[in-house]
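Working notes, beginning with the structure itself.
Please treat every number below as a calculation from the coordinates, not as lab data. Just so we're clear, the structure is a prediction, and the values are computed from it rather than from any experiment. No Cβ is skipped: glycine too gets one built from the backbone with ideal geometry, and neighbour counts run over all protein chains shown.
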């Protein structure tokens, strides 16, 4: 326990790591991206390393933003766990799952997404990927990107997201 705490301190996750423990089911082999705490209580998720890996492996990114204290996130994660036998092979074929671990306390004004040298607050990130829907931060949120970080399709978010295997497969196959 003491070594793990020292590692968290070294990585800058002191007060935020335990609060962001829940996430995408392990069966999907997600790449977990913890937020880096920045000044003024800002939290930045850096997608640079997962994007580089996706480029090496010629895979798309399935980026999941969930909150450890979000009941709708737990519902989606339970759905994924219950249907892992059908869904894991479909995810593994084309996608690198990226699990951005957050908390409901991380609001729109405090959440930043970094890709390479560019770090954008959530509303600007949404605009940069061509998502002109409401700028309200909704948990859970999912974004699909190609290996160059180009968005692949507009995604639903929040409650009622992907409640059946056929709906999830439509998303993975980019059917609109």
Inset, instruction - Could you please state, rounded to a whole Å, how far the C-alpha centre of segment 73-100 is from the C-alpha centre of segment 37-56? - result: 21
Inset, instruction - State, in angstrom, two size descriptors of segment 26-172 derived from its alpha carbons: Rg to one decimal place and Dmax to the nearest whole number. - result: 14.4, 43
Legend entry - Relative contact order of segment 54-176, pairs being alpha-carbon contacts under 8 Å that are 6 or more residues apart, as %: 33
Legend entry - Principal axis box of segment 26-78, alpha-carbon based, largest edge first, Å: 34, 33, 14
Inset, instruction - Fewest Cβ neighbours within 10 Å first, please rank 46, 124 accordingly. - result: 124, 46
Inset, instruction - Please give the peptides 70-80, 94-104, 51-61 ranked by average Cβ packing (other Cβ atoms within 10 Å per residue), highest first, as a rough proxy for protection. - result: 94-104, 70-80, 51-61
Legend entry - Residues 36, 107, sorted so that the one with the fewest Cβ neighbours within 10 Å comes first: 107, 36
Inset, instruction - Just rank 141, 48, fewest to most, by other beta-carbon atoms within 10 angstrom. - result: 48, 141
